[in-house]
Amino acid sequence: FEVIGALAGVASIVYLLIKIDYYRERLAAVQAAPTLPAPNPDNGKDAPLVPPLVAPAAFSGRWHITAYTVKTVHQPYQDLKLEYTLMLRVTEPGDVTGVGEKFRESNREIRRESRSTVSVTSGKVKGEVADFLFEEQNYQGKPSVGRYVVRLLGPAAFSGFAESTVAGTIQVVYGEKE
């Protein structure tokens, strides 16, 4: 069962890597339009995964986020796996705020006193896509900033990408509601 689980995890990562450009294109479309495009019955590509009236509320809650570094200028960070807990709150107009922490790095638990804190400083939810800025402060007080762009996969999961000022890092992210 462990081998099957590992293969499923690898397949998920490969799928997310293939989709990273798609998310960037969708982000541009979401930022340019007040709402997501209407579903196109000819190709189904633009059909929302979650009805837009449900989506903003679905982002609120406690999330377990796994981030895989796919691009960085600092080689030791390449392929690094990071795990966060993040409590998100989405208000009626779709504004996003939140707090959390990084608790695991490369499958190793981080001691509580050494954990980075994360604050979602601003963001918006439009349809099934959330775009939000975050600030992370490590245990030494060094700050970094970044951005998540994620799309709901259902009421309790999302995937997308994150960019950070730490070594020009780009990550593929997957979140599950706890």
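Bear in mind these aren't lab numbers, they're just calculated from the coordinates by the rules spelled out. Since this is a predicted model, take the numbers as computed values, not measurements. As a convention, Cβ positions derive from the backbone with ideal geometry for all residues, glycine included, and neighbour counts pool all protein chains shown.
Once Rg and the Kirkwood radius are both taken over the C-alpha atoms of region 119-178, their ratio Rg/Rh works out to 1.01.
State to the nearest 20 debye the size of the charge dipole of region 98-145 about its Cα centre, where the only charges are +1 on K and R beta carbons and -1 on D and E beta carbons.
So the dipole magnitude of region 98-145 works out to roughly 120 debye.
Near Val118: Cβ cut-off under 11 Å, other residues only, Lys/Arg at +1 and Asp/Glu at -1. The net charge is -1.
For the peptides 165-175, 126-136, residues were scored by their other Cβ atoms within 10 Å and the scores averaged per peptide; the highest-first order is 126-136, 165-175. Across every pair of non-identical alpha carbons in region 106-150, the mean reciprocal distance, once inverted, gives a Kirkwood radius of 12.0 Å.
Close amide-amide hydrogen proximity is noted between Val99 and Met87, Val120, each under 5 Å apart and 5 or more residues distant or on a separate chain (H modeled in the peptide plane; Pro and chain starts excluded). The residue list Ser122, Val90, Ala162 was ranked by how far each Cα lies along the charge dipole of region 78-178 toward its positive end, using unit charges on Cβ atoms, and Ala162 comes out on top.
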